[in-house]
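The values are calculated or read from the model by the stated rules, or taken from the named source; none is laboratory data. This structure is a prediction, so every number in the text was calculated from the model and none was measured. As a convention, Cβ positions derive from the backbone with ideal geometry for all residues, glycine included, and neighbour counts pool all protein chains shown. Just so you know, the surface numbers come from the protein's heavy atoms only, side chains and all, with ligands and any DNA or RNA stripped out. Shrake-Rupley method; radii C 1.70, N 1.55, O 1.52, S 1.80 Å.
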Amino acid sequence: MINFILMVNKQGQTRLAQYFQFLSVKERMTLEGELIRKCLSRSETQCSFLEHRGYKIIYRRYASLYFIIGMDLEEENEMAYLEFIHNLVETLDKYFENVCELDIMFNIEKAHYILEEMVMNGQIVETNKTQILAPIHVLDKAKDE
Amino acid sequence: MFHLSQMDQIFLKSLADVVRTSRTTSQYDKLTFTTQTIADIKNELQSRQESVRYQALLKLFFLAMEGNNIRWAEFQIINLMGSGDFQLKLGAQLAAHLVIDNQSQGLIMVTNVFIKEFKSSHIECSSTLSCLGTIANKDLSDSLLSHVLKLTTNTKPLIRKKAIAVLSKIFTINPLNIPGNLEMVIQQLQKETNISVLACGISLFCSIMKVAPKLYPLFLSIVYDQISKQKSNWLLIKLVRISNKLISLEPRFQGKLIEHYTRLLNQTNSKSLQYELIYSIMRHFKNHSQLYESAGDILKQFLNHQDPNLRCLGLECLTHISTSVGLMEFQEQILESFKKSDYFSKLQILQLFKDFTNQNNFQTVIEFFLKYSDMESNDKIIESLIFIITKDKFINVDDPEKLLLVYIPIIAQKIDSIDNAIRFKELLFELLTRVPGLKVYSDQLCNQILQTYATQSDSLQGPTLNIVKRHTQLKYSLNHREIIFKSLIMIVGESVKLLKLEALTNIIKFLEQLNILNCYESSLSDIDSLLFKIYIQIIKSDPENQIIPQMEQLIKNIYTKLHNISIVKISFFYESLIQIKSRDQLQQLYNLFEEDLPPINLEAQKLIKPPEGLDINKSFQIDISEIEKIKNTNSDYIEQKQLIQQQQQIEQNQGEQQDQNSEIQIKVENEEELKPLNNKIDQNANKIFIINRDEELPPGINQDDINKFKEEE
């Protein structure tokens, strides 16, 4: 089960945070700061999997943004979640057309909505980009009208 | 609520404005900016205009991401969930997880809002279901269970998918809701064709297995059905995962999966699906050689892959092979992978070898890790090697001699931490306790290790440099060496009786040359004790006094070098030497006291005048009867004394005989032990060192357990 999904930039500023188990603000800030420091200290030759504070962490860097997933320590397929991160980025890219950090900052509710279509209750529910973006296209159409 | 005027609306800050201002604001003004923004948001949330409230919600989102506490907005957000405007409603539902937790009082208000939303359009219903999945607690889930169950039969796959996903949370929170409801869901899933809905169904089964694993027969058939016909990689990964759990509950299920696993393994190119299959096969399909071999081939590819992620996953998979025989197949690939791996992966590999090294690969493993240790992982490597060596009372060691003379010196050189130095010390003591014959090599070991330390510490010669260096971090780097130094000195001291004269003299000469003695201040008593023992042994071994004077000079030189030792201690040392040296003379003195005193020689009497008035020929006892009485008692006393002396003589003779016999036995034993060891190590020599693993079993471990382990190995 996924416990949290984060998008953090190299300066340690969180651009998107979705937690599937409740943590206080202080705990979140501490966790995010520690995670980004750990991810920044790792080189390209090192694997994208590590353990931190009882979570299994899978991360991947896209330009200036780190996509971080925290899971339970019990058996999980890390490779599948690494591919999920790539799927998420491709979905965001498809919607925003050459997505960048600023797109996520200025359209934070849409980024959250896309993520919610993909992950519910810590489980991946949808991976098809068309299916994921269908509701948000309906919303955009309704807004334009 | 208030209505913003047109003028106010012009100056209303949007999310974009807040973001830009936040990025340009300095750190010192951040608090002021945040406080001002929160005050604005509080006002705007009370506005009647939905666009204003929407902008406030977006700004709230942004502040939450920045690390600000927005739980004060719980009531406002719950209020917005019931808004007529979908955009506003959606924003509030997305923000719900930031302000609402299981203990929130506001959840009570949400029930009716959700029930109303379930009857709306499919987009609104799906977003409501997503929100419910995030914030549901026990009360809310019990209230809404029937509504969610109804939604699982909705015509839209989007709604069905989300309803099933919410059900997995509801069943996890309150497992009492499962009976009766699960069967209904399974019936619907059996007719389901949409992959997303099926994937959510499989996730539901995974959640149920955590809280109520005994219900597995209900969905066993549906899992098997899907695994035989599905082609979507995401769904197949979930199916293989749940099959893994089902096999441990129902072993007969394993047989049915062989065909499908073989097909999937051969057809798929997806690395994540391959990993899932390999993981399952390595755990459960060891008896099926063909499938196991195919999985093993793919695992070897993972271990050799350029991608560090795949190498890491390969190692992760290997931890689930529970036998060392299984691990041996992949040993070559694992060791190759070690050279390219990062620190985290190296730790994984070390853990593997800690668990699965045996006598067959012991030497290979030790030599490899000693060769390829680097600065970052050196500490962990040494720790692991010491663990492997000492595991189960040296069960992996078949050649203790080689271990002591070849591997242990190299390990000692690589130690750079106090923890490892302590472990090394314990290793040495235990090894020499269990193989007493190895003590004859203690001088060689001491020389080998300390010579390296002396070479590496050339810059620490002389007392002045020590005083300066004492206050730097170098003192810390010496401490682990001092622990090893002390342990070596102690071992040599214990082994002194087994060493030949030549070896003893070499030790003294070596210590005399060693420049690092001054650095080890806390070891002075150990050095003192060692010198004492060696000197006594040399005295016993050198009756002709050929080398003793030379040794005494060397010992004196050593004490001169040890600047901190007091003169009192040196003088005591020499007093002890003198006492031990004249032991034979003491025996002669004892015999002297036992004999009757002979009369004073007449010649001597010439020199010594008797006192004036004393007649030495005259009896000083006047009463003759008294003289007779004393004479008689004296004669009885003398007879008794003679009898006692005879008895003591007999006992002494017996004791001497026994001592002689035991001495002869020890001599013979030592000679037999030392005979083959006088030569250099012969690789083809028969093993004469047997590790004693029978004594002092740790509490809680039986000899039977050890025997069982040996049989399994």
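Filtering segment B:85-110 to residues that are among the polar types (S, T, N, Q), surrounded by fewer than 16 Cβ atoms within 10 Å (Cβ to Cβ) and more than 8 Å from chain A (Cβ to nearest Cβ) leaves B:Q103, B:Q105.
Among the criteria (1) open to solvent by 10 Å² or more (accessible area, probe 1.4 Å); (2) within 14 Å of chain A (Cβ to nearest Cβ); (3) of a type in the set (F, W, Y), the one B:F33 does not fulfil is (2). Within the set B:S324, B:S248, the sole residue that is within 31 Å of the chain's Cα centre (by Cα), within 12 Å of chain A (Cβ to nearest Cβ) and at pLDDT below 90 turns out to be B:S248.
Inclusion of A:N98 among residues that are more than 22 Å from B:G91 (Cβ to Cβ), at the interface with chain B (Cβ under 10 Å from one of its Cβ atoms), over 13 Å from the mean Cα position of the chain (by Cα) and surrounded by fewer than 17 Cβ atoms within 10 Å (Cβ to Cβ) is not warranted.
Among the candidates B:K339, B:K346, B:K300, the residue that is without any contact (Cβ under 8 Å) to a residue 40 or more places away in the chain, under 19 Å from B:D374 (Cα atoms), in a helix (DSSP H, G or I) and open to solvent by 30 Å² or more (accessible area, probe 1.4 Å) is uniquely B:K339.
The C-beta contact set for segment B:223-242 (first residue farther than 15 Å from A:E78 by Cα, second residue of a type in the set (K, R) and open to solvent by 60 Å² or more (accessible area, probe 1.4 Å), distance under 8 angstrom, 6+ apart or interchain) comprises B:Y224/B:K256. Any residue at all in segment B:352-361 that is open to solvent by 20 Å² or more (accessible area, probe 1.4 Å), more than 14 Å from chain A (Cβ to nearest Cβ), without any contact (Cβ under 8 Å) to a residue 24 or more places away in the chain and more than 17 Å from the chain's Cα centre (by Cα)? No, every residue in segment B:352-361 fails to be open to solvent by 20 Å² or more (accessible area, probe 1.4 Å), more than 14 Å from chain A (Cβ to nearest Cβ), without any contact (Cβ under 8 Å) to a residue 24 or more places away in the chain and more than 17 Å from the chain's Cα centre (by Cα). The single condition among (1) open to solvent by less than 20 Å² (accessible area, probe 1.4 Å); (2) within 11 Å of another protein chain (Cβ to nearest Cβ) that A:N128 does not satisfy is (1). Screening segment B:122-157 for residues that are within 11 Å of chain A (Cβ to nearest Cβ) and hydrophobic (A, V, I, L, M, F, W, C) and picking the one that is nearest to B:I178 (Cα to Cα) gives B:A136. Small (G, A, S) and either under 24 Å from B:N233 (Cβ atoms) or open to solvent by 10 Å² or more (accessible area, probe 1.4 Å) (or both): is that true of A:A111 in this structure? Criteria not met by A:A111.
Within segment A:45-59, being at the interface with chain B (Cβ under 9 Å from one of its Cβ atoms) and not β-branched (V, I, T) holds for A:Q46, A:C47, A:S48, A:F49, A:L50, A:E51. Summed over segment B:272-287, residues that are over 19 Å from B:Q333 (Cα atoms) and out of contact with any Gly (no Cβ under 9 Å at 6 or more places or on another chain) total 9.
The condition (being more than 11 Å from chain A (Cβ to nearest Cβ) and touching a Ser or Thr at 6+ places or on another chain (Cβ under 7 Å)) is satisfied by just one residue among B:V223, B:V240: B:V223.
Anything in segment B:111-121 that is in a loop (DSSP other than H, G, I, E, B), open to solvent by 40 Å² or more (accessible area, probe 1.4 Å) and either within 21 Å of B:K138 (Cβ to Cβ) or away from every other protein chain (no Cβ under 14 Å) (or both)? List them, or say none.
B:K119
Contact list please: Cβ distance under 7 Å, first residue in segment A:1-26 and facing chain B (nearest Cβ under 10 Å), second residue in a loop (DSSP other than H, G, I, E, B), pairs at least six apart or on different chains. Pairs found: A:M1/A:D72; A:M1/A:G122; A:F20/A:N121; A:F20/A:G122; A:F22/B:D101; A:F22/B:N102; A:V25/B:G67; A:V25/B:N69.
Residues that are of a type outside the set (D, E, K, R) and more than 17 Å from B:M65 (Cβ to Cβ) within segment A:1-45 comprise A:M1, A:I2, A:N3, A:Q21, A:C39, A:L40, A:S41, A:S43, A:T45, listed in sequence order. Residues in segment B:57-71 that are at the interface with chain A (Cβ under 8 Å from one of its Cβ atoms) and not in a helix (DSSP H, G or I): 3 in all.
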